[in-house]
Each structure stands twice: as C-alpha cells, then as structure tokens.
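First the structure, in the form of structure tokens, and then the observations on it.
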Amino acid sequence: MTKSIAALLLCLITAGAAFCQKSITISGKITNPASDNIIAVNASNTRIVPENKQEKLILDSSGAFKITIPVTEQYNWLILVHNNIRLDFFAEEGSSLMLTADGAHFDTTAHFTGRGMEIPNYFAAAVKSRGGIMAYYGSLQQMGQREPSDYKQGIDSLKQKEQAIYDIAWMSKKNKFPKDFTDFWHSFLEYSVYDAMLNYPLTHQMILHQPTELQNIPKPLFDIIRQVPAKFDDKLLSIPFYQTYVQTFYGNKLSAEGFSNQVIRNPDGTEERSKALQQTDSVLKLVYKNMPSGTASFAAGRIIATESKTWPLQTFETYAAGFKTHFPKSGYNAELENVLKEIKKFYPGEPAADFSFKTLEGKEMKLSDLKGKVVYMDFWASWCGPCKGEMPFAKRVKEHFKDNENVVFLYVSIDEKEDAWKNGINNLNIAGMHTRTPGWGGEIARLYEVQSVPSYFLIDKNGKFVVNKTPRPSQTDEVIRLIEGLL
C-alpha cells in the first residue's frame, strides 16, 4: 500500500470524505525580523482564471508564525515573502514544516525541518547557490535577446544544467526525494523551455525594444515556435509552465504560419474582429480534437476566459456554450459563468470604480478628480520583469501626448515596500502620476480585480471604461489611436 493511499484511507475512516482537505502546514520563527509580517502564497492551481491567493500573517513578539495552506495538488509551488524578499519552493501536500530564517537575509538563510522538509530545502539551497526558481526563469527570459541561430542551444543548456544539479542531489538522497517528484521536476523544466520557445518572438522584440505587433515581427523569429513539439499529458496539469504551454500552443503555432489574431481596422476606423475570431475558432477546434480531455477542458476554458476581455458579450456567451457542449460536467463551466459577471463590471461604457489615493508627492486625491481627462492606468511592481519591459514603450506613448494636459498616465504600484516603489520609479525614470496599493490584497488592486501585473485600464473623460482589454504600451500605435479618439 502506498503512503498516499494509506493516508487517504485514514482520512476517510477518521473524518469522512467531506473533511479530507489537502493542506501544507508551515510554522516558523524569523530572527531579527525586518518587518512585522510574512506573506504566504500558493501559486499552484488548475483554475482557468489564475488565482494566487495570499495570506498576510503578523509575527508575534518572538518572530514566530504558523499557517495551514489549503492545496489541491500533490506538489505545490509556494512563495513566502518577508520584507519584500521572496522565497520560492515546492512542497508536497501533507507536509508539516518548520522554517527558520534571519529577517535581514530571509531567502538565503531559510531552512526547513519537519515532515516533507527535503524538497523545500533543496529549493532553499538553490536560492543560496544560484538564485532559485525565479533566477532560472529570469535566465530563460534573458535568453530571448539571442538571435534564432543560437537561442535553442542556449535555453537547452540552461535546462540541462538545472536538471543535472537536481539529479546529483537526488542521487545523493534518493531515499528521501520521492521518485514522482523527480518526474514532476523534469517535466517542469521541460515545459519551461517549450513555454519560452512559444513566446520567443514577442520576448525577443520586447527585450530589444522593437515593435511587438505581429505583422512587424521578423519572420525568422517564428522558426523557433515551429520547433515546439505537441506533447500533451493530463497528469502534468498542475505544472504552471504546462498550463501556459497548452493555452498558447495552437494560437502561437497559427501565428507562426501567418494567421494573425490582430484587430483589423476598417477604413472608417471601426474594429473588425472577424479575423481574430476565425483564429480563435481554429484554435478551439484543434484543442477539442487533439488534446486529451483534462488538458482540452483546461486549455479551452483558459483561452475563452482570457480572450473574453476583447469580445462582445454575445461572442463570449457563444464560446462558453460551445465549451459546455464539449464538457457538460466540467467545473470550469461555473468559472466561465463568473467570468461573464466580471466582464460586465469592466465592460466599455461601465463607470470605473472610484477610489482615494495619495500621490508620490503626498497629495490626497480620488480617481473622480480626474474626470474631464483621459486616464491610462498601469498596475505594476518594481520586481516585475514584464512591467519593466513595457516602460520604454510607455515613454514613447507619453512623448506623443507630452503637450496635452488632458491625458493622465496613472501608475498604481503593488509594491509592499515604499522604498522599493520609489526606487523603481527613479531607476526606471517613470514619468506620470504615481500611487501605491501594497500587495495583491491592496484596496485598489482588489477593486479592479488585478490578478497579474502589468495590468492596464483605459478610462475616458466621463470616468467610463473604453475597451474590454486595454492594449499594453508595447502596442504603441494601438494605444495612441485609442487615446486620440477620446480627446
């Protein structure tokens, strides 16, 4: 009898199936705490609308804390943040961990004891030696600046190095590292490469500050996408890189063959979405036909939920109905119903929720004070790589409107620390109006249901939303056209 089956039987016998909630418990003590709290985030879930729930815990007078994190997967990507320093690691469901760390060097002094400690300690050690998961991801992204001729070799080398380091550690502790976690981690690394390859043309252009509109991307960059294999497996759905891989696989493959999903403009300036919807039709047909059931329901649901921000309500309802026809018993149907409710809140013509804020200069304001002006609102963070990548493009947009006082660029940072926020503004030389809503749970971020950064909203002179999905600054011509149409 395996350990997991034995645990399940014990749970059923002692508590009943309804109470068999999977969880991970972490207690700990931070010496020399640099702030009065620690934030815990579970980044692993298979929702079609990504949800990284966080919980802020206040440390007691000795620096101690305890949290029980509900989980849905066997292996979960957890994030602990103290004093704006994050520690990323994986832990198995059912683990009961004790963490010790020094607050001044939270990530590099972290150490775990207790049941299930081996896996998180491997990742804690990786932070000390080479920066950990996020450093690996950052290196993958930086590879995007390479030309196609040596890009694939570069990312393969990164993956192989990371895998070799793990395999050496596993061989030395093979009685403590579960074999199925080794398979999980190998797949994590494999799909991190596939995901990077699928996004290579856009990443390459952004790093080099070149146009990101599909028609302006050099054709040779798309050769990398053509090399990505079709490898689908329902057992891998808990891996974040597998999730983004299946979501973007067919759409990016079609783009590589010249099938544009860009908005088409009619001569009179109105939008024609038929081309984009034709691509969505094609993508969903391929997903339904070629992916296994679990992967197909996730990929189709994620595509519909994500793209819905650019569609009329009737179009979304049509796609949601098609999804329900294919997967009538899927729990994702309820998620799509919730997406519909959210779309209506941010639909063009709906009033933008008002909020109070304090500017960088200390002035107390409300969003409604800006009525009569067009507001381009940017949710960002100083630690966010994609946010930083958009800033040079934002500078071009602001330069275009530099003499127009009726256009306001409002930057809302989710930085936890005021110093990090201010340093980010100075280091990136971000001109505009600034405020801060600390963390994902900050008042303004919650009001606008911001689940990721960067996120953008365009608000007209009457304080109403303009489009379902506001284009990024890197879509420079599109942003300028929309704002000019509101003046």
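Looking only at segment 290-316, which residues are among the basic types (Lys, Arg) and closer than 13 Å to Thr280 by Cα?
The answer is Arg302, and nothing else.
Being under 12 Å from Ala299 (Cα atoms) and among the polar types (S, T, N, Q) is the filter; apply it to segment 229-246 and report the residue that is surrounded by the most Cβ atoms within 10 Å (Cβ to Cβ).
Only one residue fits best here, namely Gln243.
Checking Leu336 against (1) more than 23 Å from Gly442 (Cα to Cα); (2) out of contact with any helix residue (DSSP H, G or I) (no Cβ under 6 Å at 6 or more places or on another chain): exactly one of these is not met. Which one?
(2)
Is it true that Lys366 is within 30 Å of Gln210 (Cβ to Cβ) and basic (Lys, Arg)?
no
Just to be sure, is Thr203 closer than 21 Å to Trp77 by Cβ, of a type in the set (Val, Ile, Thr), in a helix (DSSP H, G or I) and at pLDDT 90 or above?
So Thr203 fails the test.
Would you be able to tell me the number of residues in segment 214-251 that are without any contact (Cβ under 8 Å) to a residue 24 or more places away in the chain and within 30 Å of Val71 (Cα to Cα)?
Here is the first cut: in segment 214-251, the residues without any contact (Cβ under 8 Å) to a residue 24 or more places away in the chain are 216-219, 235.
When the remaining residues are screened for being within 30 Å of Val71 (Cα to Cα), the result is 235.
Selection size over segment 214-251: 1.
Which condition from (1) modelled with pLDDT under 90; (2) part of a helix (DSSP H, G or I); (3) more than 21 Å from Ala196 (Cα to Cα) is the one that Gly301 breaks?
Every condition holds for Gly301 apart from (1).
Could you tell me which residue of segment 470-487 is surrounded by the fewest Cβ atoms within 10 Å (Cβ to Cβ), considering only residues that are among the β-branched types (Val, Ile, Thr) and at pLDDT 95 or above?
Here the answer is Ile480.
Surrounded by fewer than 16 Cβ atoms within 10 Å (Cβ to Cβ) and hydrophobic (A, V, I, L, M, F, W, C), is that true of Ala420?
Spelling it out, it is not the case that Ala420 is surrounded by fewer than 16 Cβ atoms within 10 Å (Cβ to Cβ) and hydrophobic (A, V, I, L, M, F, W, C).
Going residue by residue through segment 129-143, is there one that turns out to be surrounded by 21 or more Cβ atoms within 10 Å (Cβ to Cβ), at pLDDT 95 or above, not assigned by TED's automatic domain parsing to the domain that holds Asn84 and not charged (D, E, K, R)?
The answer is yes; a qualifying residue exists.
Going by what's in this entry, would Ala43 be described as at pLDDT below 90 and in contact with a Pro (Cβ under 9 Å, 6 or more places away or on another chain)?
Numbers: at pLDDT below 90: yes; in contact with a Pro (Cβ under 9 Å, 6 or more places away or on another chain): yes.
Answer is yes for this residue.
Suppose we filter segment 83-112 for residues that are among the polar types (S, T, N, Q) and closer than 18 Å to Ser23 by Cβ; how many remain?
Looking only at that region, the number is 2.
Report whether or not Glu73 is without any contact (Cβ under 8 Å) to a residue 24 or more places away in the chain and not assigned by TED's automatic domain parsing to the domain that holds Val453.
Working: without any contact (Cβ under 8 Å) to a residue 24 or more places away in the chain: no; not assigned by TED's automatic domain parsing to the domain that holds Val453: yes.
So Glu73 does not fit the description; no.
Condition test on Val71, is it at pLDDT below 90 and not polar (S, T, N, Q)?
Here the answer is no, as Val71 does not meet what is asked.
Could you grab me the full set of residues in segment 443-469 that are over 20 Å from Pro348 (Cβ atoms) and either buried (at least 19 other Cβ atoms within 10 Å of the Cβ) or outside the structural domain of Lys363 (by TED's automatic domain parsing) (or both)?
Ile444, Ala445, Val453, Pro454 - these are the residues of segment 443-469 that are over 20 Å from Pro348 (Cβ atoms) and either buried (at least 19 other Cβ atoms within 10 Å of the Cβ) or outside the structural domain of Lys363 (by TED's automatic domain parsing) (or both).
Looking at Phe249, Phe259, which is the one that is modelled with pLDDT of 90 or more and either out of contact with any Leu (no Cβ under 9 Å at 6 or more places or on another chain) or outside the structural domain of Thr46 (by TED's automatic domain parsing) (or both)?
Going through Phe249, Phe259 in turn, the sole match is Phe249.
Can you list the strands (runs of 3 or more DSSP E) lying wholly within segment 384-487 that have 3 or more residues being without any contact (Cβ under 8 Å) to a residue 60 or more places away in the chain and in contact with a Lys or Arg (Cβ under 7 Å, 6 or more places away or on another chain)?
Because the criterion is at least 3 residues that are without any contact (Cβ under 8 Å) to a residue 60 or more places away in the chain and in contact with a Lys or Arg (Cβ under 7 Å, 6 or more places away or on another chain), the strands (runs of 3 or more DSSP E) in segment 384-487 that meet it are 407-413.
For segment 204-214, check the following and say yes or no: at least one residue is within 16 Å of Gly251 (Cβ to Cβ), surrounded by fewer than 18 Cβ atoms within 10 Å (Cβ to Cβ) and more than 23 Å from the chain's Cα centre (by Cα).
no
Quick check: is even one residue across segment 177-187 among the small types (Gly, Ala, Ser), assigned to a helix (DSSP H, G or I) and closer than 30 Å to Ile480 by Cα?
Within segment 177-187 (the criterion being among the small types (Gly, Ala, Ser), assigned to a helix (DSSP H, G or I) and closer than 30 Å to Ile480 by Cα), the answer is no, since none of the residues qualifies.
Checking the structure you have, find out if any residue of segment 190-198 is more than 13 Å from Phe241 (Cβ to Cβ) and touching a Leu at 6+ places or on another chain (Cβ under 6 Å).
So far as segment 190-198 goes, no, none of its residues is more than 13 Å from Phe241 (Cβ to Cβ) and touching a Leu at 6+ places or on another chain (Cβ under 6 Å).
Listed residues Lys159, Lys174; which is at pLDDT below 95, outside the structural domain of Ser95 (by TED's automatic domain parsing) and either more than 22 Å from the chain's Cα centre (by Cα) or assigned to a helix (DSSP H, G or I) (or both)? Steps first, answer last, please.
Details: Lys159 fails: at pLDDT below 95.
Sole residue among the options that is at pLDDT below 95, outside the structural domain of Ser95 (by TED's automatic domain parsing) and either more than 22 Å from the chain's Cα centre (by Cα) or assigned to a helix (DSSP H, G or I) (or both): Lys174.
Determine, yes or no, whether Lys344 is touching a residue at least 24 places away in the same chain (Cβ under 8 Å), among the charged types (D, E, K, R) and not assigned by TED's automatic domain parsing to the domain that holds Asn468.
yes
Looking at Asp403 and the list (1) surrounded by 13 or more Cβ atoms within 10 Å (Cβ to Cβ); (2) out of contact with any Gly (no Cβ under 9 Å at 6 or more places or on another chain), which single condition is not satisfied?
If we test Asp403 against (1) surrounded by 13 or more Cβ atoms within 10 Å (Cβ to Cβ); (2) out of contact with any Gly (no Cβ under 9 Å at 6 or more places or on another chain), just (1) comes out false.
The values are calculated or read from the model by the stated rules, or taken from the named source; none is laboratory data. These numbers were taken from a predicted model, which means no experiment stands behind them. Positions of Cβ are backbone-derived with ideal geometry, glycine not excepted, and every protein chain shown enters the neighbour counts.
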